[in-house]
Every structure is written in structure tokens, then in C-alpha cells.
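One structure below.
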Amino acid sequence: GIDDYIAHGDKGGLAFVSLLYLAMLLAAFAVNYARTVLMKWIGQRVMLDLRLEIFAHLQRLPLVFFDRNPVGRLMTRVTNDVQALNELFTSGLVAVFGDVFMLAGIIIAMVNLNLKLTLVTLSVVPLLFLATIIFKHKVRNAERSIRLLIARINAFLQENITGMAVVQLFNREAENLKRFDQKNFDHLAAYRKTILYHAVFYPVVEFVSALAVALIIWYGGGLVLASTLTFGALVAFIMYVEMFFRPISDLAEKYGILQTAMASSERIFKLLDEKDELAGARAQQAEAATTLSPNGRWARGEIEFREVEFSYRAQEKVLKQVSFKIHAGETIAIVGATGSGKTTIISLLLRFYAPQAGQILIDGQDLQQLPLYLVRSQIGLVLQDVFLFADNIEENIRLGDKKISSARVRQAAAEVNALRFIEKLPQNFHEPVIERGNNLSVGQKQLIAFARALAYDPPILILDEATSSVDTETELLIQAALERLMQGRTSLIIAHRLSTIQHAHRIIVLHKGQVREFGTHEELLAQRGIYYRLYELQFARQERMEQKLAG
């Protein structure tokens, strides 16, 4: 434009060049629009697929993983960390390639104009390269700290919001606010570091750019005076240099996004690399479909523990050489002091954990050799602490199993005497249940848990202190139903109330992780051992209280 048309007063040629330049700008606009829309769409699809993959993987991880990882930290993986990867795809990855091609094109154009001036101009690049290496190292460490601190904030929030009743009851608001303030300030301090690094790096890029322009004017101006370089070429060089450092500045910004994404991806893929205890779950379900009988049963219900040992932490054994055998259809009670290993036995039977030694068998088959889906499909569990999902009552009983009809749900609720309170609700079985079932009483939630276990009609039924929070009247109603429902199925009962275990065929007495006594109620009382002492200390006192209330 300068050398060929302005210098010669060629208005027509100048207009042609101007229109050509405008057309290129319009083409660039169209391409950038298409690229932005496409990459935003791809980024959203990546987030959708990745979040689905993470959530599906989380559901298949063993419980021991959740014992050592706070919920808030895992939520950060699904939300913040995936969002960071989305930013990489939508505004980082493709833009980086575009900037690289732009730099290559600019260098080729400059070399074509004047090789010596190009080398002089690029002499400042080592300074930029050194600044970029330092920036890269500092920003990566800062971004890792930010990701870690966000996870800690989320974990703290989840824990304290879930336990808000305890926080308010014990007036912990001020102390919790102080702790949250410290965690928040740590996050702020880490973020300030990244701001500082960017605040230093961008002026460095601008300084190097200005230095390059100064070199062009000094050296290129001399070439123009010596008539070995045209004025238009000199102007073009200055414009090319400004264009050259603009993508480098953009690359620095994109590098920050890249570092954030790398820090997030490290944590995401570390999570996805966790051993999946339900690997091949679909194959297991397909196998189960051919193995199960029409009512879903394959097990008779015989259970055997052979020299089982287990510890949650090294050198702290919870179970020590535990051995016992339960015949199909038996009702077995497990008693013992707190910490004796009662709930651990149930957790091992459900394969929430694996024993370090010994064998657990169902119908003579080693539990560890059976598909996990098959094992858990045969066991119904009612815990002391009932968890309900934010849905309605029917879905909390059915738990999404379409094979369980509404009639079967209603029958299960009737058999555990939950139908009485459900029918009084405005929408009956379709009554909404809020988070954790907080719109229902503790007793109502436990009745729903009973109905949930019975709707699946398992050959093995486990009650882990399941009637501890139910009033005496409701417990009597449940006992009447349980006596009928335990017939024809193996039942394991962990309870402190005498009324819950007095009809058990046999009782296992645990003490410090060992089976110390095993027999009927009368046999154990006659031995005058641990069970006798427990009975005297607790059950007899409870029985006297109940008799006094009845009188």
C-alpha cells in the first residue's frame, strides 16, 4: 500500500488493497465466529461426558475410598476441576494453535522482507523466553495451590452445612467463621500470587515488544537512509512486530489457563485411576440375569466366616480370627460392646470392605470370587442411620428398580406398618421427600427403610440396630411383621434391645473383635459369661423398665 500505491499516487490500486484487506477482516470474523461456536459446543460436550464418567466412576469405588476423601473435595472434582478443563477447550487449546501459526506466518513474512532486520528484531526473543520459563514455573505451583485450597473450602462447607444443627446447638458459629476465614484467606493469598506473576509478566512482554520496535527504528531506519530498505517495509516491520508480540501475550494468558487445566486434570485423572470395584458391572448384571431365579434369588442364605481378620488401619485389628456358621433360614443376633466389631461383620458380608485374612462364604461359595452385583442383590440391609434421597416415598422404597411394581411397594409398606402414616400424607406414596428425608420423623424414615429392604425380597436380611430410634408402640408393630418376614430367609440382627433378639435362634457374642460365645439365649445365660453380664447390665434393666411402663 505505501510503496506501490501511495508513493505513486495510485488511488485505484490503494482502494483495491483496502477492499482486499477489509475482505480478509470479514473472513477472519466469520472464521472466528465459527471457531468460537464450535469450541464452546465441544467444551460443553466434554464437560457433559467427563462429569458423567466421574460420577459413574465414583459410584463404583469401594467405601474405603470415601472414608479417606471428604465429600466436598470430590464435589470439587466434578464441578470446579471439570470447569477448568472446559476453559482449556473453549478459550485455550485452539487459540494456542492459532497463535503459533500466526507467529510462524509473521516470521516468514518478515524474513521475506529483510533477513538481517528480522534477526535484529528476534534478538530480544531470548529475554522473552527466559521470562516465560520463570512465569511458567511460578504459575504452575500457584495454580496447584489454588485447586487444593478450593477443595478444602468445599470440604469445610459441606461438613459444616450438613452438621448445622450441631453447629448452632453448641454455638460454634463464631469459631467456624474464624476457621472459614483462614481457609478463605489462604485461597486469596494463593490467588494473589498468580495475579502478581501475571502483573509482572505482561509488562515484561510489553517492554520486550517496545525494545524490538526501538531496534527496528534504529537499524531499519539506517537501512531506509541507505536506500537498502523501503519505507513501506519499515512500517510493515513495525506492524508485524506488534502483531508478533500480541499472540505471545495471548499465549501467556492461555498458558495460565493451561496451567489451571493441568492442575485440575491431574486431580481428575488421579480420581479416575482409582481402582474400580465394580469394573465390568454390566457383564456381572448380564451374568446375574442368567443366574438368578425369576424372583431374583440364587442364594439359600447359608453364611460362613472362616478365620476372618480385618483392620481399618494397620496394626489395629478390628476382627481377629472370627469363625462361625449360620444355616439357611436362621435368625442370628450379634451382640457385644461398642467397638467389638458387630457392624464390621456386616460391612464385610456386604463386601464394602475385603478381609485381610480368612474367607467369607455364601452357600459354600467364596464371597471374593462372586460377582459383586450378585452378592449385594441377595442381601437386604436396614441401618440405624437411614438415608433417604430427595425424591418421593415410592421411589425411596423402589430405588429406581422398575421390576418392583407399585403394588409390591404398597405391600412392603403395609407389612412393616408404614402404610398407616403414608396414607395420611397429602400425596401418599408420591409425597415429596426433601434432602436426607428431613420432612419425616426418624421413626418414619426407618419404616421406609424396612419397606425398602422387604420390597426387594432378599434371601438374607440384615438389621443393624434398625429399631433403636423407633418408639415402643411402633417397634411392637414392626416385630409382628418381622416374625412373619424372617420366615424362609436368613436374618442377622445387631441390636441392644432385648425385644429385638429374644426370638433369635442363636446369638453371637463379640468381645474385642473375637467370637467369645455362640448359642441360644438360654445356653448363654447358663454359661454366666460375657452375654450373662451384658444381660444383667443392660437387658435386664431394660426389661424391668418395660415391665414397669406396661404396669
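Look at the stretch 173-201 and say how many of its residues are within 20 Å of ILE133 (Cα to Cα) and under 25 Å from the mean Cα position of the chain (by Cα).
First, pick out the residues of the stretch 173-201 that are within 20 Å of ILE133 (Cα to Cα): 190-201.
Going one step further and asking which of them are under 25 Å from the mean Cα position of the chain (by Cα), we end up with 190-191.
Count: 2.
In this structure, does ASN69 turn out to be buried (at least 17 other Cβ atoms within 10 Å of the Cβ) and either aromatic (Phe, Trp, Tyr) or in contact (Cβ under 8 Å) with a residue 40 or more places away in the chain (or both)?
So ASN69 does not fit the description; no.
Between residues in the stretch 22-42 that are without any contact (Cβ under 8 Å) to a residue 60 or more places away in the chain and residues that are in a helix (DSSP H, G or I) and aromatic (Phe, Trp, Tyr), which pairs lie under 6 Å by C-beta distance while being six or more apart or on different chains?
ILE42/PHE89
List pairs: first residue in the stretch 343-368 and without any contact (Cβ under 8 Å) to a residue 12 or more places away in the chain and hydrophobic (A, V, I, L, M, F, W, C), second residue part of a loop (DSSP other than H, G, I, E, B) and open to solvent by less than 40 Å² (accessible area, probe 1.4 Å) anywhere in the structure, Cβ distance under 7 angstrom, at least six positions apart or on different chains.
Hits for this filter: zero, empty list.
Quick one: ASP385 ticks every box in (1) surrounded by 15 or more Cβ atoms within 10 Å (Cβ to Cβ); (2) of a type in the set (Asp, Glu); (3) not in a helix (DSSP H, G or I) except a single one, so which number is it?
(1)
What pairs can you find where one residue is in the stretch 524-537 and assigned to a helix (DSSP H, G or I), the other is among the β-branched types (Val, Ile, Thr), and their Cβ atoms are less than 7 Å apart, with a gap of 6+ or different chains?
LEU524/ILE507; LEU524/VAL509; ILE530/VAL509; TYR531/VAL335; TYR531/ILE507; TYR531/VAL509; LEU534/VAL335
Quick check on the stretch 156-164. Is at least one of its residues under 24 Å from ARG73 (Cα atoms), outside any helix (DSSP H, G or I), open to solvent by 50 Å² or more (accessible area, probe 1.4 Å) and of a type outside the set (A, V, I, L, M, F, W, C)?
Scanning the stretch 156-164 turns up no residue that is under 24 Å from ARG73 (Cα atoms), outside any helix (DSSP H, G or I), open to solvent by 50 Å² or more (accessible area, probe 1.4 Å) and of a type outside the set (A, V, I, L, M, F, W, C).
Looking only at the stretch 402-414, count how many residues are in contact with a Lys or Arg (Cβ under 8 Å, 6 or more places away or on another chain), assigned to a helix (DSSP H, G or I) and either among the β-branched types (Val, Ile, Thr) or open to solvent by 50 Å² or more (accessible area, probe 1.4 Å) (or both).
Qualifying residue count for the region: 1.
Taking the stated definitions as given, is TYR312 surrounded by 13 or more Cβ atoms within 10 Å (Cβ to Cβ) and either at pLDDT 85 or above or not in a loop (DSSP other than H, G, I, E, B) (or both)?
No: the conditions fail for TYR312.
Evaluate the stretch 21-38: report whether one residue or more is under 23 Å from ALA84 (Cα atoms), within 29 Å of the chain's Cα centre (by Cα) and among the basic types (Lys, Arg).
no
Just one of the numbered conditions (1) within 26 Å of the chain's Cα centre (by Cα); (2) modelled with pLDDT of 80 or more is not true of LEU128; which one?
So LEU128 meets the others, but not (1).
When VAL204 is evaluated against the numbered criteria (1) of a type outside the set (D, E, K, R); (2) under 17 Å from THR118 (Cα atoms); (3) assigned to a helix (DSSP H, G or I), which criterion, by number, is the only one it fails?
(2)
I need the full set of residues from the stretch 360-382 which are more than 30 Å from the chain's Cα centre (by Cα), under 25 Å from GLU465 (Cα atoms) and surrounded by fewer than 19 Cβ atoms within 10 Å (Cβ to Cβ), in order please.
LEU361
Filter the stretch 1-45 down to residues that are surrounded by 12 or more Cβ atoms within 10 Å (Cβ to Cβ) and not in a helix (DSSP H, G or I) and give me whichever is modelled with the lowest pLDDT.
Top of the filtered list is ALA7.
Which of the following residues is surrounded by 14 or more Cβ atoms within 10 Å (Cβ to Cβ), among the hydrophobic types (A, V, I, L, M, F, W, C) and under 25 Å from VAL46 (Cα atoms): LEU128, LEU149? Talk me through it step by step, then tell me what you get.
Values: LEU128 fails: under 25 Å from VAL46 (Cα atoms).
Exactly one of LEU128, LEU149 is surrounded by 14 or more Cβ atoms within 10 Å (Cβ to Cβ), among the hydrophobic types (A, V, I, L, M, F, W, C) and under 25 Å from VAL46 (Cα atoms), namely LEU149.
Could you give me the residue pairs with C-beta distances under 8 Å whose first residue belongs to the stretch 46-59 and is acidic (Asp, Glu) and open to solvent by 80 Å² or more (accessible area, probe 1.4 Å), whose second residue is at pLDDT below 90 and assigned to a helix (DSSP H, G or I) wherever it lies, and which are 6+ apart or on separate chains?
GLU53/LEU272
The rows are residues; the columns are (1) of a type in the set (Phe, Trp, Tyr); (2) surrounded by fewer than 18 Cβ atoms within 10 Å (Cβ to Cβ); (3) modelled with pLDDT under 65; (4) assigned to a helix (DSSP H, G or I).
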site: ALA466; (1), (2), (3), (4): no, no, yes, no
site: VAL470; (1), (2), (3), (4): no, no, yes, no
site: LEU476; (1), (2), (3), (4): no, yes, no, yes
site: GLU483; (1), (2), (3), (4): no, yes, no, yes
site: GLU522; (1), (2), (3), (4): no, yes, no, yes
site: GLN542; (1), (2), (3), (4): no, yes, yes, yes
site: LEU549; (1), (2), (3), (4): no, yes, yes, yes
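The values are calculated or read from the model by the stated rules, or taken from the named source; none is laboratory data. Given the structure is predicted, the values throughout are model-derived calculations rather than measurements. Cβ coordinates were reconstructed from backbone atoms using ideal geometry, including for glycine residues, and neighbour counts include every protein chain displayed. Just so you know, the surface numbers come from the protein's heavy atoms only, side chains and all, with ligands and any DNA or RNA stripped out. Shrake-Rupley method; radii C 1.70, N 1.55, O 1.52, S 1.80 Å.
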